[in-house]
Amino acid sequence: MKRLANKVALVTGAGQGVGQGIALALSDDGAAVAVSGRTLSKVEQTCAMIRDRGGRALAIECDVKNLASLKSSVDAVVKEFGGLDILVNNAQEVPLGDLLSVTDDEINAGWESGPMATLRLMRICYPHLKKSGGNIVNLGTAAALRWDAGNYGAYAAVKEAIRALSRAAANEWAKDGIRTNVILPLASSPALAWWMKDRPEEGAAYVAAVPMRRIGDCETDIGRFVATLCSDDCAYVNGQSIALDGGQALV
């Protein structure tokens, strides 16, 4: 029997990259997966991949910066699958640049799509997760732990806020049977591909700093770990920040 059989998951930003890899892995382990994202065609593609493997999926167009959109997304999941057991907050707009050049609008977009969306969605999903004894997996970044924080301050700030909120949820909601953890992934996503193309020397140095000398795969290295984290095999893991990066970062 698959470890996540009869479970229902919602993964934001799952039209590509890490979110897609997590959605595929959760489905392979038995979960029905609601795939949400800004671009409907992308999430429909992820759903098609899940169905081709024999899984159940629901495509949801969602703007995580919009509270009404978040609420309607959760309503759609519960209506389609009858409940919600796993929430993965993956969607994030990334504010990059040095402190003098990154704009207020970029920082606000990072804040709204990151910690605010994460907090809002955790609150909306709370009664469903409490009912099922569910799991929350939020995404942080090892960019916040870089030896050189230059050009990453705004991005690190919004992601570290997510870690702070996650730790609070882990402490406040554990009594309700809800576990909350954070992963810090390094994977071959479209965002990483853009970064390495835009900053090839920096990208090469970063890969060289990974002890395993490779970039992780979105599904096999990141998604499968998330599936394990949400299973009963990790029933005592709560409030942790776990780097999935081949040993590059020390949390």
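The values are calculated or read from the model by the stated rules, or taken from the named source; none is laboratory data. Everything quoted here is computed from the prediction, not taken from an experiment. Ideal geometry is used to build each Cβ from the backbone, glycine not excepted, and the neighbour counts take in all protein chains shown. Ligands, DNA and RNA are excluded from the accessible area calculation, which covers all protein heavy atoms including side chains. Shrake-Rupley method; radii C 1.70, N 1.55, O 1.52, S 1.80 Å.
Numbers at a glance
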quantity: Qualifying residue in the stretch 216-229 (condition: in a strand (DSSP E or B), surrounded by 15 or more Cβ atoms within 10 Å (Cβ to Cβ), modelled with pLDDT of 95 or more and within 20 Å of the chain's Cα centre (by Cα)); calculated: yes
quantity: Counted residues, the stretch 1-23 - those being at pLDDT 95 or above and within 26 Å of K131 (Cβ to Cβ); calculated: 16
quantity: Qualifying residue in the stretch 27-46 (condition: within 30 Å of W195 (Cα to Cα), within 15 Å of the chain's Cα centre (by Cα), open to solvent by 20 Å² or more (accessible area, probe 1.4 Å) and at pLDDT 95 or above); calculated: yes
quantity: Lone unmet requirement of (1) more than 18 Å from the chain's Cα centre (by Cα); (2) surrounded by fewer than 18 Cβ atoms within 10 Å (Cβ to Cβ) for D63; calculated: (1)
quantity: Helices (runs of 4 or more DSSP H) contained in the stretch 134-211 and holding at least 3 residues closer than 23 Å to P95 by Cα, at pLDDT 90 or above and open to solvent by 50 Å² or more (accessible area, probe 1.4 Å); calculated: 153-173
quantity: Subset of the stretch 77-110 [over 29 Å from T228 (Cβ atoms), open to solvent by 50 Å² or more (accessible area, probe 1.4 Å) and not in a loop (DSSP other than H, G, I, E, B)]; calculated: D104, D105, E106, I107, N108
quantity: Flag if A168 is of a type in the set (A, V, I, L, M, F, W, C) and out of contact with any helix residue (DSSP H, G or I) (no Cβ under 8 Å at 6 or more places or on another chain); calculated: yes
quantity: Pairs, first under 17 Å from A156 (Cα atoms) in the stretch 178-206, second open to solvent by 20 Å² or more (accessible area, probe 1.4 Å) and not aliphatic (A, V, I, L, M), C-beta under 6 Å, six or more apart; calculated: V182/R163; V182/S241
quantity: Residues satisfying the stated conditions in the stretch 17-49, i.e. hydrophobic (A, V, I, L, M, F, W, C), within 18 Å of L84 (Cα to Cα) and either touching a helix residue (DSSP H, G or I) at 6+ places or on another chain (Cβ under 7 Å) or part of a helix (DSSP H, G or I) (or both); calculated: I22, A23, L24, A25, L26, A32, V33, A34, V35, C47
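Residue-by-condition table, conditions (1) more than 13 Å from A227 (Cβ to Cβ); (2) touching a Ser or Thr at 6+ places or on another chain (Cβ under 8 Å):
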| residue | (1), (2) |
| --- | --- |
| L4 | no, yes |
| R38 | yes, no |
| K42 | yes, no |
| Q45 | yes, no |
| A48 | yes, no |
| I60 | yes, yes |
| K65 | yes, yes |
| S72 | yes, no |
